[in-house]
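The values are calculated or read from the model by the stated rules, or taken from the named source; none is laboratory data. This structure is a prediction, so every number in the text was calculated from the model and none was measured. So basically every Cβ, Gly included, is an ideal-geometry build from the backbone, and we count neighbours across all protein chains shown. The area values use the complete protein model at the heavy-atom level, side chains included, leaving out ligands, DNA and RNA. Shrake-Rupley method; radii C 1.70, N 1.55, O 1.52, S 1.80 Å.
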Amino acid sequence: MKGAAVINLEVPKKLAVLVNQAHQAAAEVFRPNSRKYDRAEHTYPVELDMLAALLDGLNAGGESGAGAAGVRRGARERKSDGVRNGGNLATVLGTIEMCWGDVGLLLSMPRQGLGNAAIASVADDEQLTRFAGKWAAMAITEPDTGSDSAAIRTTAVKDGDDYILNGEKIFVTAGERADAVVVWATLDRSLGRAAIKSFVVEKGTPGFELVRLEHKLGIRASDTAHFRLDNVRVPAENLLGDPEINVAQGFAGVLQTFDNTRPLVAAMAVGVARAALEETARLLADAGVPIDYDRPANSQPAAVATYLGLEADYEAAYLLTLEAAWMADNGRPNSLQASMAKAKAGRSATDIALRCVELAGSLGYSENSLLEKWARDAKILDIFEGTQQIQLLIVARRLLGKTSTQLK
Ligand SMILES: Cc1cc2nc3c(=O)[nH]c(=O)nc-3n(C[C@H](O)[C@H](O)[C@H](O)COP(=O)(O)OP(=O)(O)OC[C@H]3O[C@@H](n4cnc5c(N)ncnc54)[C@H](O)[C@@H]3O)c2cc1C
């Protein structure tokens, strides 16, 4: 594998403590509350407050990567040319463990929203300080625009020291609970992608109205909000990144976020897949069908052969995810790897979780096991932050050297 030359595939020693702590939190806080908040959709999981305070402590103590806010720090703090394992890798490893516990609950963790990752990725130092400690959701999707995020219609018009935002945003993860929402808006629709900027809109800003919360197939512990923006006045200093419209640079400013967040979503998928595989191996062993790694798959029961195939998919997803995060930490362009990881992990988690339901039979389909829940939870990981098809499109463009106009 190409990446094997540059990645030490063992979890780096310095991150082992963080991984262990994340696993413990997942086992002791997430798992016992998993079913409860799957059923009590839209109820805030109060059990997360103490955990979130702990995470804040880790972040303040400089143990980088404990949560979404850690995603860019590795690159920012990079001082030498040596290979490093930084904030992105730490966050990805922590996310895998937490989502082994429950992906809906991870998405509900205070101050760890995708908006926090966006702020960590593109904010300047003053903004990083000003928005520290805020829980930020991310609002790109609109009623008429999903995958084609360059077509968004929400507008931002400069007015003195402020921008005035108008439009509608749907499917905003943690939108109701967050303190602020990072809203994508266009300064001038006629200038296309280059005119799209992101703005931190604080809750309580007049005109920023929560319309409703969605009922969903999975990740039901996570709230998904619909907002209307009616003449919302946002200070100009809340614009993240360069306020100028740079047609040559195009979409690069806002898209930078995806290079950091897609490996995170891939990590969520890896975590769910691992949970489903572990549970299935346990159930198969209980049923007298243990997985035997010392014998070829084709000389074992069909269930074991299927399981081993799923595990191979899991490994591929895991390695691609680590590679994408590692590259971000080491200042290497990782858009291709971020999309590959997201495509592989999103698809694999969905397939693996559903096949595990099948392997476990009626127990897998019943609420007596979490397998049916993981099968429902997994699907979103192949949809948000760019669907499967969009990731494949990005990969194809990168490999063939085509622009988004040449290959759509
Ligand atoms: C639970 C949940 C949480 C979400 N959280 C957030 C959030 O926090 N912030 C946010 O901004 N958005 C969020 N989203 C929105 C999510 O990112 C979008 O649903 C996603 O981008 C797809 O957009 P769409 O639903 O409009 O589908 P569409 O773009 O209409 O796509 C429909 C289908 O067509 C396919 N397709 C589209 N274009 C192409 C193409 N060019 N080639 C091939 N196939 C194509 C897609 O892959 C998909 O299968 C969330 C969605 C859900 C369900």
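A Förster radius of 41 Å combined with the Cβ-Cβ distance from Asp230 to Gln24 puts the calculated FRET efficiency at roughly 0.35. Measuring with a 1.4 angstrom probe and ignoring ligands and nucleic acids, Glu358 comes out at about 120 Å² accessible.
For the chain, the Kirkwood hydrodynamic radius from C-alpha pairs, put into Stokes-Einstein at 25 °C and a viscosity of 0.890 mPa s, yields a diffusion coefficient of 113 µm² per second.
Spin-label model, Glu315 to Val11: label points 7 Å out along the Cα-to-beta-carbon direction sit 1.9 nm apart.
If Lys and Arg each add +1 and Asp and Glu each add -1, what is the summed charge of the other residues whose beta carbon sits under 11 Å from the beta carbon of Trp100? Let's see the in-between values first.
Details: positive: Arg31, Arg274; negative: Glu97, Asp102, Glu278, Glu279.
That works out to -2.
Summing charges over neighbours of Glu209, with a neighbour being any other residue whose Cβ is under 9 Å away from its Cβ, gives 0 when K and R count +1 and D and E count -1. Segment 230-250 and segment 152-189 have Cα centres separated by 10 Å. The angle between the Cα long axis of helix 302-329 and the main principal axis of the chain comes to about 30°, on a 0 to 90 degree scale. Computed over protein heavy atoms with a 1.4 Å probe, the carbon and sulfur contribution to the accessible area of the chain reaches 53%.
Using the structure shown, list the pairs from Lys216/Lys373; Lys36/Lys373; Lys197/Lys344; Lys342/Lys379 with a Cα-Cα distance above 18 Å, or answer none.
Working: Lys216/Lys373 12 Å; Lys36/Lys373 12 Å; Lys197/Lys344 29 Å; Lys342/Lys379 12 Å.
In this structure, Lys197/Lys344 exceed 18 Å between Cα atoms.
Between segment 270-308 and segment 386-404, what's the alpha-carbon centroid distance in Å? Taking the Cα centre of segment 386-404 as reference, the centre of segment 270-308 is 34 Å away. A 1.4 Å probe, protein heavy atoms only, puts the accessible area of Arg39 near 150 Å². Pairing the Cα long axis of helix 87-101 with the longest principal axis of the chain, what angle in degrees results, from 0 to 90 and rounded to the nearest 10? Compared with the principal axis, the helix lies near 50 degrees. Farthest toward the positive end of the dipole of the chain, out of Ala52, Ala276, Tyr293, is the Cα of Tyr293, where the dipole comes from beta carbon charges about the Cα centre. Can you list the lysines whose alpha carbon sits under 16 Å from that of Lys134, skipping same-chain ones fewer than 8 residues off? Cα-Cα hits under 16 Å: Lys203.
At 222 nm, what helix-only mean residue ellipticity would the chain give, in deg cm²/dmol to the nearest 500, using -39500 (n - 2.57) for each DSSP H run of four or more?
Details: 14 runs with 186 residues, N = 408.
Dividing the helical sum by the residues of the chain leaves -14500 deg cm²/dmol.
Our Cα-only numbers for segment 146-236 put the radius of gyration and Dmax at 13.5, 44 Å.
Between the beta carbons of Ala151 and Arg39, assuming R0 = 30 Å, the FRET efficiency works out to 0.20 to the nearest 0.05. Candidate cross-link partners of Lys14 among the lysines, defined by an alpha-carbon separation under 19 Å and a same-chain spacing of 8 or more, comprise Lys79. Taking packing as the residue-averaged number of other Cβ atoms within 10 angstrom, the listed peptides 189-199, 238-248 run from highest to lowest as 189-199, 238-248. So, counting K/R as plus one and D/E as minus one, what does the shell of residues with Cβ under 14 Å around Leu51 add up to? With Lys, Arg at +1 and Asp, Glu at -1, the net is -4. Take Met50: with every protein chain present and a 1.4 Å probe, its accessible area is about 150 Å².
Between 0 and 90 degrees, rounded to the nearest ten: what's the tilt of helix 388-400 against the longest Cα principal axis of the chain? That helix lies at roughly 80 degrees to the long axis.
Peptides 348-357, 145-154, ordered by how many other C-beta atoms sit within 10 Å of their residues on average, highest first, read 348-357, 145-154. Charge dipole of the chain (Cα centre as origin; +1 on each Lys and Arg Cβ, -1 on each Asp and Glu Cβ, all else neutral): 740 debye, rounded to the nearest 20. Label separation (Glu278 vs Ser190): 5.7 nm, computed from points 7 Å beyond Cα along the C-beta direction. In the chain, a dipole from Cβ-located charges (positive for Lys and Arg, negative for Asp and Glu) runs towards its positive end, and of Tyr314, Asn334, His226 it is Asn334 whose Cα lies farthest in that direction.
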